[in-house]
Amino acid sequence: MELHDDLFMKIFWDEHTRIIGIDWKDATSSMTDEDFKAELTLFAGQVEKKKAHAILVQVASFRHRPGPGLQSWRVQNISTRYSAAGVKRFAFLFPQGAQIPPMMSQSSAEEKFLTRAYDNLQQAETWLTAKND
């Protein structure tokens, strides 16, 4: 089910699996860091509202180049909200065959949920819905 659609992203929700996600759009090439913060803040509100267990972020069309300090801002202001909402797992979905940087499969030290990156939707969904280890 689609929860939100704007210039930069679509937010989707699966009630059965309790997976909420972002499908970033090509328009993110014109996104500013402030736009990125606004989009993630909006998304975090949806994560809280749905009490999602897992997050799937599709990055195939993500074009924004975050500025310095944006990652630490995200961990401090967004990841904490994900954890408080009950998120246990977070997955990035890359295009099939993409070279996935190892850092994309690591949670930040301050994050209380597991993070992994995939290039296959089925594998990502299987991991997101697995019982926590």
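What does the helix-only formula give at 222 nm for the chain: each DSSP H stretch with n ≥ 4 adding -39500 (n - 2.57), the total divided by the residues, and the result rounded to the nearest 500 deg cm²/dmol? Please report the intermediate quantities before stating the final value.
Numbers: 4 runs with 38 residues, N = 133.
My calculation for the chain gives -8000 deg cm²/dmol from helical runs alone.
Taking square-rooted eigenvalues a ≥ b ≥ c of the alpha carbon gyration tensor, is segment 2-129 rounded, prolate or oblate, where a/c under 1.5 means rounded and, failing that, a/b exceeding b/c means prolate?
Values: a/c = 1.19, a/b = 1.09, b/c = 1.09.
It comes out rounded by the Cα gyration axes.
Can you list residues whose amide H is under 5 Å from Ile19's amide H, if they're 5+ apart or on another chain and H is modeled 1.01 Å from N?
Long-range HN contacts for Ile19: Asp14.
Loop-only trypsin sites (Lys or Arg not before Pro) in segment 93-133, please: DSSP not H, G, I, E or B, and at most 16 other Cβ atoms within 10 Å. Spell out each step's value before the answer.
Details: sites: Lys112, Arg116, Lys131; in loops: Lys112, Lys131.
Of the trypsin sites (Lys or Arg not before Pro), the ones in loops of segment 93-133 whose Cβ has at most 16 other Cβ atoms within 10 Å are Lys112, Lys131.
Choose one answer from His16, His64, His53: the residue with the largest mean-square fluctuation in a GNM of the chain with alpha-carbon springs under 10 Å.
His16
If you find the alpha carbon centre of segment 1-37 and of segment 59-106, how far apart are they in angstrom?
Cα centroid of segment 1-37 versus Cα centroid of segment 59-106: 13 Å apart.
Take the chain, mark every one of the GluC sites (Glu not before Pro) that falls in a DSSP loop and has at most 11 other Cβ within 10 Å, then report the longest stretch left between them, sites excluded. Kindly include the intermediate steps, with their values, before the conclusion.
Numbers: sites that count: Glu15, Glu110.
My reading of the result: 16-109 is the longest stretch.
Bear in mind these aren't lab numbers, they're just calculated from the coordinates by the rules spelled out. These figures come from a predicted structure and were not determined experimentally. All Cβ positions, glycine included, derive from the backbone under ideal geometry; neighbour counts span all protein chains shown.
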